[in-house]
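The values are calculated or read from the model by the stated rules, or taken from the named source; none is laboratory data. This structure is a prediction, so every number in the text was calculated from the model and none was measured. Glycine also receives a Cβ, built like all others from the backbone with ideal geometry; neighbour counts cover every protein chain displayed. Ligands, DNA and RNA are excluded from the accessible area calculation, which covers all protein heavy atoms including side chains. Shrake-Rupley method; radii C 1.70, N 1.55, O 1.52, S 1.80 Å.
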Amino acid sequence: MLSFSSTISISTFPITIINNNHSLTHKTMSISMSMSPSPSSIHYDTLRVLQWDNLCDLVASFATTSLGRQALKDQLWSLNPTYQQSLTLLQQTNAAVQMNKHAGCTINFAHIDAMLVKTAIQRARRSIPVNGNEARAIAALLQCAETLQGDLKAAIKQDKDWHTHFMPLTEVIMEFVVNRSLVKMIDQVIDEDGSVKDSASPALKQSRQQVQALERKIQHLMESLIRNEKGETSILEVNNIDGRWCIRVDSGQKTSFKGLLLSSGSGVGSTVEPLSAVPLNDELQRARNLVAKAESEVLLALTQKMQLDLDDIENLLNSMVQLDVINARATYSLSFGGSSPHIFLPDRDSSSTAEASTRNDNSSGPLPNNRDWTLYLPKAYHPLLLQRHKENVKKRKKDVNLGTSVTTLDNAHPVPVDFFVSKKTRVVVITGPNTGGKTICLKTVGLAAMMAKSGLYVLASESVQIPWFDSVFADIGDEQSLSQSLSTFSGHLKQIGNIKLNSTSQSLVLLDEVGAGTNPLEGAALGMSLLESFAQDGCLLTIATTHHGELKTLKYSNDAFENACMEFDDVNLKPTYKILWGVPGRSNAINIAERLGLTSVVVDTARKLYGSASAEIDEVITDMEKLKQDYQELLDAGHHHLMLSRELYNSLLGTRTKIMKHSSNLRFKKMRDVSEAAAMARSILHKKVRQLDASPKKPSQANKTINSSRSSATNNRHTAADNKEPTTIADGSASAVKTINQLSPDRSKLPKVGDMVNVASLGRKASVLKVDSSKGEVVVQAGSMKLKLKVTDVQKS
């Protein structure tokens with residue numbers, strides 16, 4: 001049996017806890033300035049800036065049980081799965097996706113109260129009787145497991161391939177152990193609302209009947225006291241306080257009956273237990289105690305029955321919680337249109353890769369050539385931005401009075417980003433204007449890497465190829481630390497230094513605004529030095545954003561670098577949030593200032609100060625951007641025409657198949673018609689032959705010799721009759737045929753192959769194909785028919 005606990009290590013994050021509102025808080029921790037921070041501290045900072053906790057909450061919301069939600073958060077916060085464990089997580093998610101697509105076999109535990117089941121198991125372990133609701137929760141768990149197992153067996157019976165498609169979940173579900181007798185017992189003694197049924201035991205039924213009889217008796221007594229009361233409106237109502245029936249009267253009013261004062265209050269009234277009702281209330285209390293005792297005995301017997309299968313129930317609960325975790329990952333991935341990622345272990349020492357496919361039928365297309373890309377992430381969305389957009393769309397659709405056009409909703413849709421990093425690239429430098437989307441791009445890549453590692457689909461519209469990173473490190477945002485008296489620049493440097501110490505050759509490093517916060521020349525020099533060190537002996541992939549133009553030149557001196565920039569719309573003066581690969585970003589400040597109406601004197605002076613050389617570089621970059629855009633448009637057009645060609649090709653293949661099938665059907669029909677005609681002709685011929693063999697030949701008007709032969713045969717028969725000699729009809733027929741054969745020597749003469757003969761039964765000519773002299777048979781062809789006939793049935797033309 002596949003054990004989830006042994007396959008995937010479920011452990012919480014070392015230095016973080018998740019409080020009730022799911023926000024991250026530090027445990028009490030003190031880090032000295034002289035000490036290097038632990039890797040857990042750096043991981044925590046990365047998860048914080050990437051908003052991993054928000055994504056975990058979002059994914060966990062797709063779990064249908066409370067235990068499943070907590071277990072899923074624990075699994076997602078486990079940052080140390082190995083490569084093989086990540087593959088197993090993705091295989092589980094793929095299997096759950098297939099089960100969700102199969103309408104007859106879906107995972108849904110929404111009607112199971114996992115906490116009640118867990119409490120029932122704990123109480124049974126301590127030999128404490130379970131209550132009715134806990135017993136019903138156990139029954140619901142067992143019935144759900146039996147139903148899921150039955151649905152899976154039915155699906156596999158219908159198509160054996162589902163057994164493989166649903167692996168490794170098939171093994172878990174098939175090995176469910178369900179005690180049907182326990183379910184039957186719970187149904188017999190516990191009602192749907194969790195109460196013990198009257199039929200659970202004779203003692204319980206008798207005690208409850210006694211309670212009902214006593215309650216009716218007390219109610220009649222109370223009604224009698226009320227009717228006999230002489231005071232004016234002194235009686236308010238009959239109450240049941242702590243199991244004892246009593247009467248509440250107005251304050252200040254007197255009653256004629258004697259009783260025990262149970263409670264009193266000014267302006268509210270007094271509650272009095274009539275003396276005549278005291279014995280009945282005491283008896284009623286004793287009867288209720290008997291009911292409670294009988295119920296306790298029933299629940300104790302039920303608990304003892306459960307204890308026999310307690311290990312199976314606990315294993316079943318654990319398996320179903322893990323199935324809930326896996327199904328939540330799959331449901332989230334399907335809900336947001338994710339794509340199954342292809343993760344692999346790159347080998348930096350050679351061109352080969354250690355890979356394992358994690359794809360299934362849900363993949364969105366063919367994978368790219370593994371020799372070309374380290375990271376292939378086309379049209380990827382930031383998961384939290386996509387979630388926010390879906391929530392906004394849902395809210396606007398609910399508000400029927402809000403006149404929001406579809407175009408407005410489309411314009412608010414997040415823009416997907418493309419990341420294509422070749423295998424020779426170790427550092428990607430992204431430039432672009434502020435608020436242009438650089439930071440979102442970094443976060444999108446970081447979250448995609450962690451999602452693939454954790455068994456989640458990546459939110460991309462096409463197939464994704466992403467390496468397995470052992471760690472993801474990020475330095476994003478304002479890291480100013482007032483507690484440690486660090487400036488923004490110092491905070492960035494400290495974080496980058498820690499990342500440098502803890503990163504490995506399998507790590508992903510994300511650096512935002514590298515070299516910022518200090519003198520531009522020094523910051524650029526420091527940024528170039530840092531990126532070169534990461535490229536030389538650092539991590540597997542580093543992606544950095546910057547405003548320093550000097551960092552763009554690293555690509556032209558080091559093949560490990562690649563440039564990219566965020567596209568900017570010069571006409572509308574706003575970013576498009578798209579990435580242009582292979583093109584360094586250019587400065588837009590002066591052009592924007594001019595379009596915004598800054599005086600020409602200031603703009604011209606700025607251009608002179610900026611320098612003609614820099615302006616020429618910007619013009620070259622502009623031309624490159626335009627060339628890139630034209631190339632992309634042509635590439636998109638080519639891709640579109642390629643898709644059309646494939647559709648036409650598939651249509652032609654389909655048409656060809658239909659034509660071949662139609663032609664085959666026509667040939668088969670023609671052969672069948674010919675075969676039926678031949679069979680009919682053969683039947684007619686055989687019938688004629690049997691008639692000739694069984695009866696005398698009829699005379700032919702054109703053949704007088706045959707008539708005279710028949711007359712002679714008839715005379716012979718009469719003579720034989722007169723002489724009382726036994727002569728049969730068959731003898732006469734044989735004599736007639738013999739006479740005919742003697743008188744027609746040409747008819748019995750064997751024809752030759754190729755001769756044309758007349759077939760009397762068909763009334764047409766035929767060509768001789770084969771002659772069998774030993775049997776006196778010939779094979780002839782008349783049109784499309786081939787017939788085997790006796791020589792006596794044909795006549796030469």
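Quick notes
- Residues in the stretch 125-136 that are aliphatic (A, V, I, L, M) and buried (at least 23 other Cβ atoms within 10 Å of the Cβ) were compared, and the one that is farthest from the chain's Cα centre (by Cα) is Val130.
- The stretch 304-348, residues that are surrounded by fewer than 20 Cβ atoms within 10 Å (Cβ to Cβ), under 23 Å from Leu142 (Cβ atoms), among the polar types (S, T, N, Q) and touching a residue at least 60 places away in the same chain (Cβ under 8 Å): Gln307, Asn315, Asn318
- Any hit, the stretch 102-110, residues being at pLDDT 90 or above and either touching a Gly at 6+ places or on another chain (Cβ under 6 Å) or among the hydrophobic types (A, V, I, L, M, F, W, C) (or both): no
- The residues of the stretch 561-577 that are open to solvent by less than 50 Å² (accessible area, probe 1.4 Å) and in contact (Cβ under 8 Å) with a residue 40 or more places away in the chain, listed by number, are Phe561, Glu562, Asn563, Ala564, Cys565, Met566, Glu567, Phe568, Pro575, Thr576.
- Flag for Glu462 being open to solvent by 10 Å² or more (accessible area, probe 1.4 Å), modelled with pLDDT of 80 or more and in a loop (DSSP other than H, G, I, E, B): yes
- In the stretch 747-772, residue least open to solvent (accessible area, probe 1.4 Å) [restricted to those that are under 19 Å from Leu692 (Cα atoms) and touching a Leu at 6+ places or on another chain (Cβ under 9 Å)]: Val759
- Where Gln92 falls short, out of the listed (1) over 17 Å from the mean Cα position of the chain (by Cα); (2) in a helix (DSSP H, G or I): (1)
- Scanning the stretch 35-73 for residues that are in a helix (DSSP H, G or I), surrounded by fewer than 19 Cβ atoms within 10 Å (Cβ to Cβ) and either among the hydroxyl-bearing types (Ser, Thr, Tyr) or modelled with pLDDT of 90 or more (or both) returns Ser40, Ser41, Asn54, Asp57, Leu58, Ser66, Gln70.
- All positions within the stretch 438-452 that are crowded, with 24+ Cβ neighbours inside 10 Å and not hydrophobic (A, V, I, L, M, F, W, C): Lys438, Thr444, Gly446
Quick grid of which residues meet (1) open to solvent by 70 Å² or more (accessible area, probe 1.4 Å); (2) at pLDDT 85 or above:
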| position | (1), (2) |
| --- | --- |
| Met680 | yes, yes |
| Ser709 | no, no |
| Thr714 | no, no |
| Arg717 | yes, no |
| Ser774 | yes, no |
| Ala782 | no, no |
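- Residues being part of a helix (DSSP H, G or I) and over 19 Å from Phe473 (Cβ atoms) - total across the stretch 530-550: 2
- Take the conditions (1) at pLDDT 85 or above; (2) of a type in the set (Val, Ile, Thr); (3) part of a loop (DSSP other than H, G, I, E, B); Val509 misses just one of them, which is (3).
- Hits in the stretch 121-160 (condition: part of a loop (DSSP other than H, G, I, E, B) and in contact (Cβ under 8 Å) with a residue 40 or more places away in the chain): Ser127, Ile128, Pro129, Val130, Asn131
- So Lys197, is it of a type outside the set (Asp, Glu) and open to solvent by 80 Å² or more (accessible area, probe 1.4 Å): no
- Members of the stretch 423-437 that are open to solvent by 10 Å² or more (accessible area, probe 1.4 Å) and either modelled with pLDDT of 90 or more or among the charged types (D, E, K, R) (or both): Lys423, Lys424, Arg426
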